[in-house]
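One structure below.
Values quoted throughout were computed directly from the atomic coordinates according to the rules given, and no laboratory measurement underlies them. On a predicted model such as this, the values are computed, not experimentally measured, just so you know. Every residue, glycine among them, receives a Cβ derived from its backbone with ideal geometry; neighbour counts consider all protein chains shown.
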Amino acid sequence: MKHIVIIGNGISGITAARNIRKRSDFRITVISSETKHFYSRTALMYLYMGHMKYENIKPYEDNFWKKNKIDLVFDHVDQVDTISKSLQLKSGNQFAFDQLIIASGSTSNKFGWPGQNLTGVQGLYSYQDLETMEQHTNKVKHAVIVGGGLIGVEMAEMLLSRKIEVTFLVREKEFWNNVLPIKEANLISRHLRTHHVDLKLETELKEITGDEHGRVNAVLTNKGETIPCQFLGLAVGVSPNINFLSNAGIEVKKGVLVNEFLETNIPDIYAVGDCVERIYDLSGRRNIEQVWYTGRMMGEVVAQTICGDKTKYEPGPWFNSAKFFDIEYQTYGRVSNELKPDEQDFYWEHADETKAMHLVWYTNSNAFKGINVFGIRLRHECFDRWLREGRTIQYVLLHLSEANFDPEFFNRYEAQIVSGVIAKYPAVKMEINA
Amino acid sequence: MPNGMRVIKLVGLGLFVTGFVIFNTLFFNATYVLTESVIEDTFRDSAKASLFLQSSSTMLNQKDGSVFSFVSDLKKIFESANQNQFGIYGITQEEVLDLVARSGKKFSIASVDSLYVGADEVSVFKRKSFKDYGSWLDGREFSSPEELQNQLLGVVEKIRTYAIINQVGFDRYQVKDLTYSITKASAISPVKANSSLYLFLTFGFCILGALLYILPKLQLPVGIKNNGIFFNVMKSTGWLGIFTGTWLIAFYFVLYFFPEYMTNWVSMVDPISKALNGNEAGRFFLYGFIYTICILVMGGRMIIHYRHSKYQILRTTSVMFFQTAFAFLIPEVLVRLNKPYFDFKNIWPLDYSFFFDSRLKELTSNGTLGLFMLGWGMALIIIAVPVFVYFFGKRWYCSWVCGCGGLAETLGDPYRQLSNKSVKAWNVERWMIHGVLAFAIVMTAGVIYTYWSGSSWVLFFDSYQLREVYGAFIGAGFAGVVGTGFYPLMGNRVWCRFGCPLAAYLGIIQRFKSRFRITTNGGQCISCGNCSTYCEMGIDVRWYAQRGQNIVRSSCVGCGVCSAVCPRGVLNLEVKEEAGRFGKPILIGNNHIKLVE
Ligand SMILES: Cc1cc2nc3c(=O)[nH]c(=O)nc-3n(C[C@H](O)[C@H](O)[C@H](O)COP(=O)(O)OP(=O)(O)OC[C@H]3O[C@@H](n4cnc5c(N)ncnc54)[C@H](O)[C@@H]3O)c2cc1C
Ligand code: SF4
């Protein structure tokens, strides 16, 4: 029987394994050197904050794998031999495969700052990172976080939950302004400050200094400021984790290169998830997308292909979500950080500064392009359908209340938002009425 | 949190602990003196009062500093009073031999009449009780006189344990009741002399302390604040959780099975009880009082905790209202008006004694109001449950109205994460809760049969015994001791999840015929596990969410906390047309992904 080996037990590798199992009785082995069982990386912060225990962040009970005949190997793959179709493991074991799925995820970026290897300086990606963070933030009074993205804001929230003061260095004009339009970015910046995050915008890390024990004691910024700290979180992005593939003959650039069927240049070897770099373009999408959802979709696609139903990776309209302290964020379609010349938009913000909505559409066709929403929940299913059907902004506004996904009794803001759009764009009104 | 707030919190904690310690000390802090007037006041039956008085000479007017030795002395008095009655009313060995001699091998009940001829009380009693318990032997022939003698000795034993104890002595129910009321009346304690002061030092301190501890939370930004729950010694079954659980279990044991030891606590609420219903407080008045206070204070906490969610605010206000008005005040006022005690929101089979003969008699003998209550109770069972569950889901009761649910959602909220989420626990749950429902139905059927037919034997069981077993093991043991005592050990819905027969009934309808479901939002789930962790019913919500399937589970009480804690806006409690309610396990994502189950 065909033996499928998967490197990596994250969401992409595990989704592939589960879906292959649903569709076949191939032998399946999943290898990982991080944890024995699949856990949810996105929930690491909640362990540190005491919202959950490790048991709680494992999406499947431990006996699930045996019951579904998915073999788990807790070991590290040192080398992939594409000619003999085998893997060299750190333990010395060799592993033969018929088909291989590389789902090795990412590693945190480090940009060669002086002092970046001091004790108390680290990123947050793996379970081991969390353990070191636990160890190195014990009794810490002040911490600095570098990098205004999603992992950075999570680290800030984590540290504050332990009553550690946080200075947050962000290169952009406002928090996450490289992704969010300035108004939303500003909203979140304000919110971070209400949580007592010492947010330093347009500020970059220059140097890290340590004490005589080799432990970080301060950072120096590009503005010449020295900030004493006992912990430094580096959250300046992640890169595909592909070091172990050098010399394997598998083509890589930043990530493992794959075509639309997630095939690498070597037959019977596929790659999915964070470690992937697409060799073809998908409109409006970057070629490396390191989010949970794309990893999951790729896992589903590759499973279908391996089980004989060759399927293209076509992820559909973009969506994503996050939470910044108390403000939930969802996005559907594309809202870029700067309005393009052929686009119009409308931004609404509630007076309590925890709710906002930003709609974008094409000026000429009125076709709806995307939405950012904060503090209000929207139905994925509606926006997915509307985006696929190429609906207009008028249509979206008319049906906005159908898309509301807030709990019962919550205040509703559709009327306010729609009249706001009409006030700003009287032309829209005529068409809504028509 | 600013320093000032921290100080207020600490003061609150201090006050609470002080109040709690005083409350516990009061348990021991009384002297007991049994006097004639106590006996006069507590006994309804003057013959029994004088019997008791006769046997209590050694104890009368003696001071006793310990409730334990006082109660044990009382028990000895009852014992010796019963012994005394056995001596007077018991049938002696000689009398049995006499009866055998009169009958030979064939027993004739007429021999009893010829033996006890007198018109005095004792002879009358002996004649009557022998006939009650022995007339089935009339006309029977035995192989030998010894055989007959054995049978007669059996009858004699029955007369001792039933007739004498019930009619002229003290059976165990009377002993229990009287021990309780004598102890309460005999106590000389500062509490009794000054109950309002002590009420303030205990309940006042605890309430004030709790409020001071809770209110500073208002200073925190709104939103889910679950920081540190799994590091907390109270909320993650640390030493404090285990202590609290043990204390609660002990409290329930005393309340249900040894109330005679807690009379000093009960005396504290006498003034409140008198103000409400005109009578001295009983132990269940005290319990209802504590229960209501817990729901109100901790309900306040719940509202502050979830003040960003109107759903949570309304739901919590609702349980606070139903507990205070329906469970606590209205029944007391009814009693004051000489009407039957009735909780208008309690539904059989949670209210397992609804069909007991004593209650049916009470309702049917109370005119229009009584009949209305009876009809109301029936309508809740037959109409309200299915109709409301169809339109709103079982939550209309379990997390908006019910008292057990009310306590779980307020006092129990800090422990919701302790419920077991495993498939194994789910399997145990289904067997147990439906087992209890079946037990409740069989027990009630037996009770109703007895009510109609007058015979306590139903098929192969005794309906009185069965209701007693149900009351002790399910009503008190499961719902009380385990149901609340296990909050800090197994989560706040142990009773609702594993034991409540009404939850089972509501759940069956919710599972098969309802418009209620929890929907999941497209492909947004990140499998973080917050929803499952904070599900008090131990539903593995994530299992459904991460495969994009609606959650339709009989156990879901619709508390809405999974939806509240989800950081990605994935879950929503919805009521919609029935079609498509179960949904297909498919996530929004890649085109051309086919569903395989
Ligand atoms: C703190 C944090 C929060 C996040 N939050 C979100 C979020 O809210 N939403 C979102 O969309 N995304 C989020 N992400 C990103 C998301 O978690 C990733 O995109 C996703 O987990 C990638 O899954 P994957 O299966 O591709 O790789 P991974 O989850 O990284 O799994 C790869 C596994 O392979 C193992 N491995 C690698 N090489 C080898 C080898 N040679 N031998 C053996 N094992 C190997 C690794 O140790 C790892 O366990 C977050 C990431 C982090 C770090
Ligand atoms: S809390 Fe929300 S995101 Fe997390 S597992 Fe549950 S449904 Fe998914």
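Mean per-residue shielding of peptide A:43-49 is 4, counting Cβ atoms of other chains within 10 Å of each Cβ. Peptide B:562-573 shows a mean partner chain C-beta count of 5 within 10 Å per residue C-beta. For chain A, the residue among A:ASN243, A:TYR270, A:GLN128 whose Cα projects farthest onto the positive side of the dipole built from Cβ charges is A:TYR270. Rounded to the nearest 20 debye, the dipole magnitude of segment A:191-268 is 240 debye, with +1 charges on Lys and Arg beta carbons, -1 on Asp and Glu beta carbons, and the Cα centre as origin.
Can you list the DSSP H helices in chain B whose Cα atoms extend at least 30 Å along the helix axis and whose mean Kyte-Doolittle hydropathy is -1.0 or higher? Answer set is B:3-26, B:67-89, B:283-305, B:423-453. Label point 7 Å out from B:PHE243 along Cα-to-Cβ: which residues of segment B:460-498 have amide N under 16 Å? Zone members listed by number: B:488-489. With the highest mean first, a sort of the peptides B:297-306, B:231-240, B:138-147 on other beta-carbon atoms found within 10 angstrom per residue produces B:297-306, B:231-240, B:138-147.
Here segment B:425-488 and segment A:107-179 have alpha carbon centers that stand 57 Å from each other. Got a sec? Which residues in segment A:176-201 would a label at A:ASN222 touch, if it sits 7 Å along Cα→Cβ and we count backbone N under 17 Å? Output list for this probe position: A:176-179, A:200-201.
Between the alpha-carbon centres of segment B:363-416 and segment A:204-280 there is a gap of 58 Å. Between the amide H of A:THR392 and those of A:PHE368, distances stay under 5 Å, these residues lying 5 or more places away or on another chain, with hydrogens modeled in the peptide plane. Okay, which of segment B:30-58 sit inside 14 Å, backbone N to the point 7 Å along the Cα-Cβ direction of B:ALA193? Output list for this probe position: B:30-32. Charges were assigned to the Cβ only: +1 to each Lys and Arg, -1 to each Asp and Glu. The resulting dipole of the protein assembly as shown about its Cα centre is roughly 1140 debye. Between A:ILE182 and B:VAL117, with labels modelled 7 Å along Cα→Cβ, what's the label distance in nm to one decimal, could you check? According to this spin-label approximation, the distance is 12.2 nm.
Between A:SER419 and B:LEU369, the distance separating the two model label sites (each 7 Å from Cα on the Cα→Cβ line) works out to 5.2 nm. In this structure the amide hydrogen of A:VAL30, modeled in the peptide plane, comes within under 5 Å of the amide hydrogens of A:ILE6, A:ASP71, A:LEU72, A:VAL73, none closer than 5 places in sequence on its chain. Derived value for chain B: Kirkwood hydrodynamic radius 27.7 Å. Basis is the mean of 1/r over every pair of different alpha-carbon atoms. Overall, chain B carries a charge dipole of about 3260 debye about its Cα centre when +1 sits on the Cβ of Lys and Arg and -1 on the Cβ of Asp and Glu, all other atoms neutral. If the viscosity is 0.692 mPa s and the temperature 37 °C, what translational diffusion coefficient in µm²/s does Stokes-Einstein give for segment B:298-414 when Rh comes from Kirkwood over Cα pairs? It comes out at roughly 214 µm²/s.
Per-peptide packing, taken as the mean over residues of other Cβ atoms within 10 Å, places A:171-183, B:260-272, B:118-130 in the sequence B:260-272, A:171-183, B:118-130 from highest down.
Taking packing as the residue-averaged number of other Cβ atoms within 10 angstrom, the listed peptides B:345-356, A:76-87, B:513-524 run from highest to lowest as B:513-524, B:345-356, A:76-87.
Over all directions, the projected convex hull of the C-alpha atoms in chain A averages 23.6 nm² in area.
For segment A:202-341, evaluate the Debye formula with one uniform point scatterer on each Cα (no solvent term) and list log10 I(q)/I(0) at q = 0.18, 0.20 Å⁻¹, rounded to two decimals. Result of the Debye calculation: -1.05, -1.15. Shown here for segment B:431-495: chymotrypsin sites (Phe, Trp or Tyr not before Pro) in loop regions (DSSP other than H, G, I, E, B) with at most 14 other Cβ atoms within 10 Å, namely B:PHE460. Take each residue of peptide A:91-104, count the partner chain Cβ atoms within 10 Å of its Cβ, and average: the result is 0. Pair-distance distribution of the protein assembly as shown: all C-alpha pairs, bin width 20 Å, starting at 0; shares per bin in whole percent are 11, 34, 30, 16, 8, 2, 0. Centre-to-centre separation between the Cα atoms of segment B:109-132 and those of segment B:254-271: 43 Å. With a Cα-only, solvent-free Debye model of segment B:99-147, what are the log10 I(q)/I(0) values at q = 0.13, 0.15 Å⁻¹? Each listed q corresponds, in turn, to -0.30, -0.39. Can you check what the net charge comes to around B:SER56, using other residues whose Cβ is under 14 Å from the Cβ of B:SER56 (Lys, Arg +1; Asp, Glu -1)? Net charge around B:SER56: -2. In nm, to one decimal, how far is the A:GLU353 label point from the B:ALA47 one, both placed 7 Å along Cα→Cβ? Result for the modelled spin labels: 8.3 nm.
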